[in-house]
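Undergrad: Before we start, here is the structure in question, set down as structure tokens.
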Amino acid sequence: MGITSKPVVFAVLAAVVILIGTTVTVFIPLFMPSTQPVSSYIKPYTAVEQEGRDIYMREGCNNCHTQTVRPLRTEVLRYGEYSKPEEFAYDRPFLWGSRRTGPDLNRVGGKYPDSWHYKHLDSPQSMFEKSNMPPYGWLAKNRLDTSYSFKKTSTLGYGYSESDVRQQIDQYRLTVTDKSYPSKESRDKITPPELGKQLTEMDALIAYLQKLGRDVKKMEATK
């Protein structure tokens, strides 16, 4: 008589096997070093970029835009170098997505100047007549809340001190409000005068978009 003819014994042995498998695949990895590939070229998001990422998720941008270029000839030709595991080391959560209602954004950083993004976010149809993307011009009317920026970067383990975070915020604010800012005209058209010297939610969102794929492009350039 085989083990299958003894239901109690079979059930006990099956439970033991499942428990062993669960322990090996779930609990043991908890005590092992991270297996996430890392690269010295991939840098954590700055405080402003992280705020922009949170706005990106808050507005559901990841519902229409993916952030992963698959190693397919057509995708590489359209978007650029296919996605690498190490470039997602600081993504919590990752925003790979599965729907491409809009184009993939994993390599959008540096593809267009900031002025293009200000115009596009304000009125997508002014850039692409048949675009079904809703306008986000109102983001330029919202002052960026940075009261939790240090707490966010600290919780995510970016390694920034509170002074680092403050410096990042101040530096980016000075950049986009400077008279010599290349995209000043486009920004001023949609930013209320009272917020002209402040950071807006749109400023942060653009900072995040300009980060996407930028480090990977530097990494690939060294090969």
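The numbers here are math on the coordinates, done by the rules we state, and not lab data. Computed from a prediction, not measured in an experiment: that's the story for all the values here. FYI the Cβ positions are ideal-geometry reconstructions off the backbone, even for glycines, and counts take in every protein chain you see.
Undergrad: First measure r as the distance between the Cβ atoms of residue 128 and residue 8, then evaluate 1/(1 + (r/R0)^6) with R0 = 45 Å and state the FRET efficiency to the nearest 0.05.
TA: The computed FRET efficiency comes out at 0.10.
Undergrad: Shifting gears a bit: For the chain, modelled as a Gaussian network with Cα springs under 10 Å, which listed residue fluctuates most, 66, 23, 155?
TA: With Cα springs under 10 Å in the chain, the top fluctuation among 66, 23, 155 is at 23.
Undergrad: Hydropathy at least 0.0 by Kyte-Doolittle, axial extent at least 15 angstrom from the Cα trace: which helices of the chain, defined as entire DSSP H runs, fit?
TA: 7-22, 201-211
Undergrad: If you keep only loop residues by DSSP, which trypsin sites (Lys or Arg not before Pro) in the range 147-205 have at most 13 other Cβ atoms within 10 Å of their Cβ?
TA: Within the range 147-205, the qualifying trypsin sites (Lys or Arg not before Pro) (loop, at most 13 other Cβ atoms within 10 Å) are 179, 197.
Undergrad: Suppose only helical runs count, i.e. DSSP H with n ≥ 4. What mean residue ellipticity at 222 nm does that imply for the chain under -39500 (n - 2.57) per run, divided by all residues and rounded to the nearest 500 deg cm²/dmol?
TA: One gets -12500 deg cm²/dmol as the mean residue ellipticity at 222 nm.
Undergrad: Students often get this wrong, so check it: of 111/211; 151/218; 43/211; 189/211; 152/211; 111/179, which have C-alpha atoms separated by over 21 Å?
TA: Correct reply: 151/218; 189/211; 111/179.
Undergrad: Also: What FRET efficiency do you get for residue 32 and residue 167 if R0 is 25 Å and r is their Cβ-Cβ distance, rounded to the nearest 0.05?
TA: In this case the efficiency is close to 0.10.
Undergrad: Based on the Cβ-Cβ distance from residue 112 to residue 154, what FRET efficiency comes out when R0 is 41 Å, to the nearest 0.05?
TA: Using R0 = 41 Å, I get an efficiency of 0.80.
Undergrad: Mind listing the long-range amide H neighbours of residue 200? Cut-off is under 5 Å, sequence gap 5 or more, other chains count too, H placed in the peptide plane at 1.01 Å from N.
TA: The list, which skips near neighbours in sequence, is 144.
Undergrad: Convert each backbone phi in the range 132-137 into a coupling constant with the Karplus relation 6.51 cos²θ - 1.76 cosθ + 1.60 (shift: θ = phi - 60°), then list the ³J(HN,Hα) values in order as whole Hz, x for Gly and Pro.
TA: Result, rounded to whole Hz: 9, 6, x, x, 10, x.
Undergrad: Round to a whole angstrom and tell me the spacing of the C-alpha centers of the range 45-92 and the range 171-204.
TA: 24
Undergrad: The range 44-109: which chymotrypsin sites (Phe, Trp or Tyr not before Pro) are DSSP loop and have at most 12 other beta-carbon atoms within 10 angstrom?
TA: 94
Undergrad: If I model a spin label at residue 181 and residue 138 as a point 7 Å from the Cα along the Cα→Cβ vector, what separation in nanometres do I get?
TA: 2.2
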